[in-house]
């Protein structure tokens, strides 16, 4: 018969409507619904099988014929449409059961931290950051390691962070641990590894005023006494005795400290210089082109490579190290295969060893200027540029700072000419200071 909607509506419950032009296609009529069915002989078993296509009128006659044709093609190809549908339903049910099992399994903080560390931190952060997060998890999880995430309460989370801040005297570590545990909890919750309603108490405890005060660092200690956060800018009379003293350091440390002063560049960027990034350009100036991904501005959309013209001792240092190490790392590491260059901390540690309070124990030469760090030399270079009347925007560009606000988007000037002029003047000024 041909399809007639009026006949379908008037059909009695229990009746079956057949369509000669479409063998096997049927419309079963019951008291509550009218269902499209495809009845066929299974090519695998030889028995009669049927598969439900859909319900009329939600599925029109034309759509039913289209599906009937697809199922018929499967049967002609030797497949059993009903069996395929049954297998797919079983796989989905099995997958759902497995997902429920995973979700209901209680993960401990050790497990979520390991998952977060390997699946998120390792592929998305630097090796140094990965090692630090790994360290604070291993050192400060303590009794939390075997606690199921769902069993944590606000009081326990607060007590754990408070204990690290007070007992271990490490407020900065306590603050960083809290942030990483909060991120780890969010990571596993968003991926369905723990129930979606698992509270993230690590975010909640940040609102406690007393804890916030305890998490505030009191600054570094010298001889057991808190001296607060120190930002030392070396005066010219201090530089006049320090610069001639620098060769008492090893060649690598001396060269790095010279770069700090003569260029104002960050220590992390200095340690990662490669010989291939340095070349003499048409203007006769030796330029170091520090790639954007090596700078602190790597993730800022409008940041560019940092271009540094080298004058005076900075030029001598780079040419000497490039002659020795070629196109590779100019401050290579001799300790770690994972990090092929010296770390910034290595320079700071060497400076610390020569401070009067430490040098006597190791019979090292004593620094004539005390309580400064390599980064203070960068700060000193910026101050000297200001004393030479270098415009603020130029000095900030020399140091690799991006302009804030709208000027950082629209100001696309390279400042190459200004960099050459002011860094050349800074080099001359430092030489004059060192001869006093």
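Odds and ends about this structure:
Here is a yes/no grid of residues against (1) farther than 18 Å from residue 85 by Cα; (2) in contact with a helix residue (DSSP H, G or I) (Cβ under 9 Å, 6 or more places away or on another chain); (3) in the same structural domain as residue 9 (by TED's automatic domain parsing); (4) modelled with pLDDT under 80:
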site	(1), (2), (3), (4)
25	no, yes, yes, no
39	no, no, yes, no
44	no, yes, yes, yes
48	no, no, yes, no
56	yes, yes, yes, no
70	no, yes, yes, yes
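One line per residue, one yes/no per condition, for (1) closer than 23 Å to residue 205 by Cα; (2) surrounded by fewer than 14 Cβ atoms within 10 Å (Cβ to Cβ); (3) over 24 Å from the mean Cα position of the chain (by Cα):
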| residue | (1), (2), (3) |
| --- | --- |
| 110 | yes, no, no |
| 134 | yes, no, no |
| 151 | yes, yes, yes |
| 154 | yes, yes, yes |
| 158 | yes, no, yes |
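- Condition met for residue 9 (assigned by TED's automatic domain parsing to the domain that holds residue 89, at pLDDT 80 or above and within 23 Å of residue 89 (Cα to Cα)): no
- Verdict on residue 167 being surrounded by fewer than 17 Cβ atoms within 10 Å (Cβ to Cβ) and modelled with pLDDT under 85: yes
- Hey, residue 371 assigned to a loop (DSSP other than H, G, I, E, B), modelled with pLDDT under 95 and under 28 Å from the mean Cα position of the chain (by Cα) or not: no
- For residue 247, the conditions (1) modelled with pLDDT of 55 or more; (2) over 15 Å from residue 372 (Cα atoms); (3) under 33 Å from the mean Cα position of the chain (by Cα) are fulfilled apart from (3).
- Selection within the stretch 254-272: residues that are outside any helix (DSSP H, G or I) and touching a strand residue (DSSP E or B) at 6+ places or on another chain (Cβ under 8 Å). The member of this set that is farthest from residue 375 (Cα to Cα) is 272.
- Of the residues making up the stretch 43-68, those that are closer than 14 Å to residue 25 by Cα and in contact (Cβ under 8 Å) with a residue 40 or more places away in the chain are 56, 61, 65, 68.
- Long-range neighbours under 9 Å by Cβ, at least six apart or interchain, first residue within 17 Å of residue 295 (Cα to Cα) within the stretch 329-352, second modelled with pLDDT under 85 and surrounded by fewer than 15 Cβ atoms within 10 Å (Cβ to Cβ): 339/127; 339/128; 342/334; 342/335; 343/128; 343/336
- Residues within the stretch 273-289 that are in contact (Cβ under 8 Å) with a residue 40 or more places away in the chain and either in a strand (DSSP E or B) or within 13 Å of residue 400 (Cβ to Cβ) (or both), tallied: 2
- On inspection, residue 314 passes the criterion of being in contact (Cβ under 8 Å) with a residue 60 or more places away in the chain and crowded, with 22+ Cβ neighbours inside 10 Å.
- Condition check for residue 309: over 20 Å from residue 376 (Cα atoms) and buried (at least 17 other Cβ atoms within 10 Å of the Cβ): yes
- Members of the stretch 356-368 found to be surrounded by fewer than 17 Cβ atoms within 10 Å (Cβ to Cβ) and part of a loop (DSSP other than H, G, I, E, B), listed by number: 363, 364, 365, 366, 368
- Among helices (runs of 4 or more DSSP H) entirely within the stretch 383-436, having at least 2 residues that are out of contact with any helix residue (DSSP H, G or I) (no Cβ under 9 Å at 6 or more places or on another chain) singles out 407-410, 416-434.
- Filter result for residue 320 (farther than 29 Å from residue 397 by Cβ, surrounded by fewer than 16 Cβ atoms within 10 Å (Cβ to Cβ) and over 29 Å from the mean Cα position of the chain (by Cα)): no
- Some residue of the stretch 136-146 being modelled with pLDDT of 80 or more, in contact with a helix residue (DSSP H, G or I) (Cβ under 7 Å, 6 or more places away or on another chain) and assigned to a strand (DSSP E or B): no
- Lone qualifier among 93, 85, 122 - being at pLDDT 80 or above and part of a helix (DSSP H, G or I): 122
- Listing of strands (runs of 3 or more DSSP E) fully contained in the stretch 13-58 that carry 2 or more residues being exposed (fewer than 13 other Cβ atoms within 10 Å of the Cβ): 16-18, 48-56
The values are calculated or read from the model by the stated rules, or taken from the named source; none is laboratory data. Since we're looking at a predicted model, the values are computed, not measured. All Cβ positions, glycine included, derive from the backbone under ideal geometry; neighbour counts span all protein chains shown.
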